[in-house]
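Below you'll find the structure, written out as C-alpha cells, and then a few comments.
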Amino acid sequence: MPIRVCVYEDNQPLRDALSLLIQTTEAFELVGAFGDCHQVEQQIASLRPHVVLMDIDLPGVSGTEATLRIRRKFPATDILILTVFEDDDRVFEAIRSGATGYLLKKTPPVRILAAIEEVYEGGAPMSPNIARRVMHSMHRSTTPSDFDQLTPRESMILALLAAGNSYKMVAAEANISIDTARTHIKRIYEKLHVHSVAEAVAKYLKR
C-alpha cells in the first residue's frame with residue numbers, strides 16, 4: 001500500500017514541485033496539496049493521509065497551529081515540518097505541537113522522500129542542525145520522575161530517536177535487533193505515559 005501524503009505549502013512553485021516529486025515516486029500517493037490550513041481538519045478527515053508535509057509560515061492558520069489541530073483529532077497522522085525556519089523557538093514549538101519530524105526546505109528531494117518513509121515507519125527525521133539543537137536541549141540538569149524510570153539503554157534509545165533516527169538506525173546504533181529496539185521503545189512509551197515518538201521527544205524537551 002502506498003504512503004498517502006498531503007502537502008501544505010503556500011509557495012505555489014514549491015507546492016507544485018513537492019506534489020510532482022511525490023506523484024512520480026512509486027511508494028507514495030499524493031492525496032492533496034493546499035496553500036493554507038483554513039480547512040485542515042475537514043481535509044484530513046476526508047483524505048486520511050498517513051503523512052502530512054507542513055510549512056510553518058502559512059496565511060491565516062499557521063503550520064504549528066494546524067499541526068496541533070491534526071494531532072488532537074487524528075493522532076495516527078504524522079506531520080513532517082518542511083520550513084525555512086531553524087530558530088529554537090519555532091523548532092521546539094513545532095515539536096511540542098506534535099510534529100514528528102523537522103526538515104529545512106534546503107533539504108535535497110531524495111532526503112525528503114526518505115524522511116517521509118522514516119516518519120511512516122516510526123522514526124523522527126530532522127535536518128542535521130535541527131537535530132543538534134534538539135540534542136543540546138537534552139543536556140539539562142533537571143530530570144522529571146518519569147525519566148528516572150528509564151534504564152540507561154532506554155535513555156540512549158530515546159536520545160537517538162530525538163536526533164532523527166529511524167527504528168532501523170536506532171537498532172544499528174545500539175547494536176540490537178529492530179524487534180528489541182521496538183520493545184525498548186514500547187517500554188519508554190509506558191514509562192513516559194505517551195503514545196508516539198513525537199510525544200516522547202516533546203516530553204523530553206520539556207524537562
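Tell me the relative contact order for the chain as a rounded percent, counting alpha carbon contacts under 8 Å between residues six or more apart. Provide the component values of the computation, followed by the final result.
On the way: 339 pairs, mean separation 33.1, N = 207.
Worked out over the chain, it gives 16 percent.
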Let me cross-check Asp57: its accessible surface, 1.4 Å probe, with only protein heavy atoms counted, in Å² to the nearest 10? 90
Under 18 Å from the Lys73 label point (7 Å along Cα→beta-carbon), backbone N, segment 90-122: 97-99
Just going by the charge dipole of the chain, with Lys and Arg at +1 and Asp and Glu at -1 on Cβ, which of Val31, Ser62, Tyr167 is farthest out on the positive end? Tyr167
Taking GluC sites (Glu not before Pro) as exposed when DSSP calls them loop (any state but H, G, I, E, B) and at most 14 other Cβ atoms lie within 10 Å, what is the longest stretch of the chain free of them, the sites themselves excluded? 122-207
Let me make sure I get this right: for segment 1-71, a, b and c are the square roots of the gyration tensor eigenvalues over alpha carbons, sorted descending. Under 1.5 in a/c it's rounded, otherwise prolate if a/b > b/c, else oblate. Which is it? oblate
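Only helical DSSP H runs with n ≥ 4 go in: add -39500 (n - 2.57) per run for the chain, normalise by residue count and round the 222 nm mean residue ellipticity to 500 deg cm²/dmol.
Details: 11 runs with 111 residues, N = 207.
Roughly -16000 deg cm²/dmol at 222 nm, from the helical runs in the chain.
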Against the longest principal axis of the chain, how steep is helix 178-192, in degrees 0 to 90 to the nearest 10, with axes from Cα atoms? 80
Please give the contour-minus-distance gain from Gln149 to Glu117: 0.36 nm per residue of separation, less the Cα-Cα distance, rounded to one decimal in nm. 8.4 nm
Considering the options Ser19, Ser177, Gly122, tell which one lies farthest towards the positive end of the dipole of the chain, charges being +1 on Lys and Arg and -1 on Asp and Glu at the Cβ, about the Cα centre. Ser177
Given [x] 1.06; [y] 1.59; [z] 0.98, which label gives Cα Rg over 2.2 N^0.38 Å as computed from the coordinates? [z]
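Tell me the per residue accessible area of segment 1-67 using a 1.4 Å probe; a whole number in Å² is fine. Can you show the working numbers first?
Numbers: 3010 Å² over 67 residues.
Per residue, segment 1-67 has 45 Å² of solvent-accessible surface.
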Can you give me the Cα centroid spacing of segment 103-122 and segment 2-52 in angstrom? 14
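Computing the accessible area with a 1.4 Å probe over protein heavy atoms, can you report the carbon and sulfur percentage for the chain? Intermediate results must be reported in sequence, preceding the final value.
On the way: 4950 of 9740 Å².
Carbon and sulfur atoms account for 51 percent of the accessible area of the chain.
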Residues with amide H under 5 Å of Ile3's amide H, sequence separation 5 or more or different chain, H placed in the peptide plane at 1.01 Å from N; which? Phe28, Glu29
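The values are calculated or read from the model by the stated rules, or taken from the named source; none is laboratory data. Keep in mind it's a predicted model, so treat the numbers as computed, not measured. Positions of Cβ are backbone-derived with ideal geometry, glycine not excepted, and every protein chain shown enters the neighbour counts. Ligands, DNA and RNA are stripped out before the accessible areas are found, and what is left, the full protein with its side chains, is counted by its heavy atoms. Shrake-Rupley method; radii C 1.70, N 1.55, O 1.52, S 1.80 Å.
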